[in-house]
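Quick notes on the structure that follows.
Each value in this text was obtained by applying a stated rule to the coordinates, not by laboratory testing. Quick caveat, the model's predicted, so the values are computed rather than measured. Backbone-built Cβ (ideal geometry, glycine too); neighbour counts: all protein chains shown.
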Amino acid sequence: MAATVSDGIWELMIYTFIDEIVNTETPSSAAGAKAEITKSHKIKMCGFEIGSKLIDSCTVMIDKSEKFSDEVSIMKVIATEFWGQLFSKSISNLQTNNKGKFKLQDDGCRLLGKLVDVSDNEEENRKQKVMRGFIVDFITGLVKGALNNLNLEANCSGEWDEIKRVLEISIEIK
Amino acid sequence: MFSKSEKISVELLSLTYGTFVARLLKENDNAEEVNLQLHKIGSNIGNRLIDEFLSKSRKTACKDFREIADVIAKYGFKMYLGVTAEVAKWNEDDTQFSIYIENNPLSEFVMLPIHLQQTLWYSNLLCGVIKGALEKINVMVECEFKQDTLRGHDSTEIIVKLVEIVEDRYEDDEM
């Protein structure tokens, strides 16, 4: 059994590093929207790199020929082993149209669930919302990186429903 | 108040840290600047970590700086990094000590490229965390790396130097 640590420090690490990435840039007013895209891209790239390395440790113990014979099997590994490494649980729901589109739904993702609105402080709530957006970027990056390492190129997008507290990731295999 | 924490692998922690450090280095060629950034980020983490730490460890107020050192090394490192650290090399008036970390999980799978070996303190985040956490309980310290096995040194050593303990104006309220 590999050594483990409390995930508290990991979560804080992600929040604070993303904060730093977001805040070190000095967005010129003219390129406001563009700056947002660049930040979002950088955060996705961080997720991508972590995801593509982490999936290796999920797959070393699996018989590759059996588990990775098709897209659905690969997606199952993402939904169970990979998600388990990250969030100590499996994805709540995995759907597919059997034509290269997949939907992963996860109830109460810890990394997002902790960024709750602070009731009546609008400015703080706005910041939390922006942060949740970046965390969704980070998580879609993780998934994209993992898939890429398994030779599946995919478009990944994500959305967090604050009311239902559900994270939904849509994947379209190219 | 704090949800039960889950466990993650040391590998994931180290991988995540390494990726973010690499990102900072990509944006900033100057390793000295990255050291400062890591220290600052660590300090933010420490600020946010200390409440949880105090509530989970159920530690009562430390009576002196020596006890604080012990709590950091024995409980803090254990709780957040899964390793214990050694406190050593106290100075005469008990205001400075060294923390020795045997298996630093942040750098477990890391090798520094030669051009960074003399400039980057890869795990400088830890110094920030210690400083940031203590600052919240009114203990002002300076904290820096003295040695790191990543640089080819024999051990990994952090020096913590007490600047001052600020007296609380309204006793106990914070604790």
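Computed values, structure above
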| item | result |
| --- | --- |
| Rounded to whole Hz, the Karplus (6.51, -1.76, 1.60) HN-Hα couplings of the range A:162-174, x for glycine and proline | 5, 7, 7, 6, 10, 9, 10, 10, 9, 10, 10, 6, 7 |
| Exposed-site-free run, longest, chain B (rule: trypsin sites (Lys or Arg not before Pro); DSSP loop; at most 15 other C-beta within 10 Å) | B:90-168 |
| Under the Karplus curve 6.51 cos²θ - 1.76 cosθ + 1.60, θ = phi - 60°, whole-Hz ³J(HN,Hα) for the range A:99-105, x wherever Gly or Pro sits | 10, x, 10, 10, 10, 9, 10 |
| Karplus 3J(HN,Hα) series, Hz, for the range B:5-22 with 6.51 cos²θ - 1.76 cosθ + 1.60 (x for Gly, Pro) | 8, 9, 9, 10, 6, 4, 4, 5, 4, 5, 5, 5, 4, x, 5, 5, 4, 4 |
| C-alpha long axis of helix A:32-59 to longest principal axis of chain A, angle in ° | 30 |
| Long-range HN-HN contacts of B:Thr156 with modeled amide H, under 5 Å | B:Ile101, B:Thr149 |
| Degrees, to the nearest 10: B:125-136 long Cα axis against longest axis of chain B | 20 |
| Separation of the B:Val110 and A:Thr80 label points, Cα + 7 Å toward Cβ, nm | 3.5 |
| Spatially proximal aspartates and glutamates relative to A:Lys89 (Cα-Cα < 15 Å; intrachain offsets below 8 disregarded) | A:Asp7, A:Glu81, A:Asp106, A:Asp107, B:Glu6 |
| Counted charge near A:Trp160, where neighbours are those whose Cβ lies closer than 10 Å (Asp, Glu -1; Lys, Arg +1) | -1 |
